[in-house]
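The structure appears right after this line, and notes come after that.
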Amino acid sequence: MVYLKSFTFPDDNAETLFILGTRRTCYDSFYPFKVLSKHCLGRVDFEPITIFYGGNGSGKSTALNVIAEKLKVRRDSTYNKTNFFPDYVGMCKMEIQARVPENSRIVTSDDVFDFMLDIRGLNEGIDLKRDELFTEYLDAKHSQFQLKSMADYDQLKKVGKARSKTQSRFVRGELIDNIREFSNGESAFQYFTEKIGENGLYLLDEPENSLSPKRQIELAGFIENSVRFFGCQLIISTHSPFILALRGAKIYNLDENPAAVQPWTELENVRLFHEFFDTRRNEFNNDHGAERNHP
């Protein structure tokens with residue numbers, strides 16, 4: 001599915017005219033001006049999966065934030081929105097092929113990090129409550145409680161629960177499940193699967209952060225299925241080989257000048273991984289490895 005058909009960023013001449021014409025001379029930076037134009041990134045034509053690839057400082061996250069602001073999609077975390085961001089976004093143009101669904105959103109690495117911090121805070125609260133319940137259980141189980149009035153009825157029920165259950169069952173019954181059972185990587189993966197729903201346009205900023213290679217591969221499969229079966233369009237910034245290998249993805253290489261569409265196998269980051277393992281392939285095929293695999 002394609003909701004956003006194309007997006008055009010201002011060129012260097014338009015940006016220069018704006019900067020020369022502004023009277024706000026107290027600023028040292030006009031960000032996001034002059035970030036994407038230095039790569040001559042003008043018009044971007046989108047597919048169901050489109051990727052912005054590049055090293056740190058290439059502008060791939062800037063491109064994603066600009067598009068998100070122009071589309072007015074939902075976001076959770078704040079970002080580097082300078083005083084010039086609205087001016088820059090106003091100079092951009094976009095072509096919509098189908099109405100952008102209301103559940104569309106941008107998901108950044110800050111969103112995932114904040115989510116994991118919330119989980120940690122929740123778990124710490126659960127741990128404190130668990131300790132309180134352990135004490136409460138012991139007090140109730142071994143108390144010499146007698147019902148004197150209807151005001152004591154709730155305490156009577158608690159004593160009954162404590163005497164009929166083990167300590168662990170009593171505490172678990174009084175608490176929500178502790179979600180620390182998930183690792184950081186599992187929590188991050190869970191965040192993406194919860195935020196990406198059916199029939200939506202989703203912008204993912206470096207989703208590989210906090211994910212192991214195995215989880216990145218699982219996320220890639222989830223993205224492919226979301227596009228193929230559930231009417232989603234994905235625009236992603238990444239330098240992960242596992243995400244870059246998404247089937248059918250159109251990749252804009254922002255390390256090139258001008259930015260160019262390239263297959264994932266030609267990208268520098270992917271080539272580095274390939275060459276690293278290729279020069280060591282004998283280590284994967286030696287007798288010791290065979291013995292480990294076939295005892």
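The values are calculated or read from the model by the stated rules, or taken from the named source; none is laboratory data. In this text the structure is predicted, and so the values were computed from the model without any measurement. Reconstructed Cβ throughout: ideal geometry from the backbone, glycine too, with neighbour counts over all protein chains shown. In case anyone asks, the SASA skips ligands and DNA or RNA and just uses the protein heavy atoms, side chains included. Shrake-Rupley method; radii C 1.70, N 1.55, O 1.52, S 1.80 Å.
The table below lists the values:
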item	result
Inter-site label distance for R247 and R280 at 7 Å from Cα along Cβ, in nm	3.0
Among 33-41, 208-216, the order from most to least packed when residues are scored by Cβ within 10 Å on average	33-41, 208-216
Under-5 Å amide H pairs with Q233, H placed in peptide plane, nonlocal only	G200, L201, Y202
Flagged links, alpha-carbon separation over 21 Å, of K5/K34; K38/K93; K5/K93; K81/K195; K5/K70	K5/K34; K81/K195
Summed residue charge, Cβ within 14 Å of V107's Cβ, Lys/Arg positive, Asp/Glu negative	-4
Reference-scaled alpha-carbon Rg (2.2 N^0.38 Å with N residues) for region 196-295	1.33
Carbon plus sulfur fraction of accessible area for region 1-76, probe 1.4 Å, in percent	50
At most 11 other Cβ within 10 Å, DSSP loop - GluC sites (Glu not before Pro), region 1-108	E102
DSSP-loop trypsin sites (Lys or Arg not before Pro) across region 230-277, with at most 12 other Cβ within 10 angstrom	R247
Ranked by how many other beta carbons lie within 10 Å on average, peptides 76-82, 46-52, 6-12 from highest	46-52, 6-12, 76-82
Integer Hz, Karplus 6.51/-1.76/1.60 couplings in order for region 33-46, x for Gly and Pro	4, 6, 8, 8, 5, 5, 9, 6, 7, x, 8, 10, 9, 9
FRET efficiency estimate (nearest 0.05) - Cβ-Cβ, K81 to N199, R0 25 angstrom	0.35
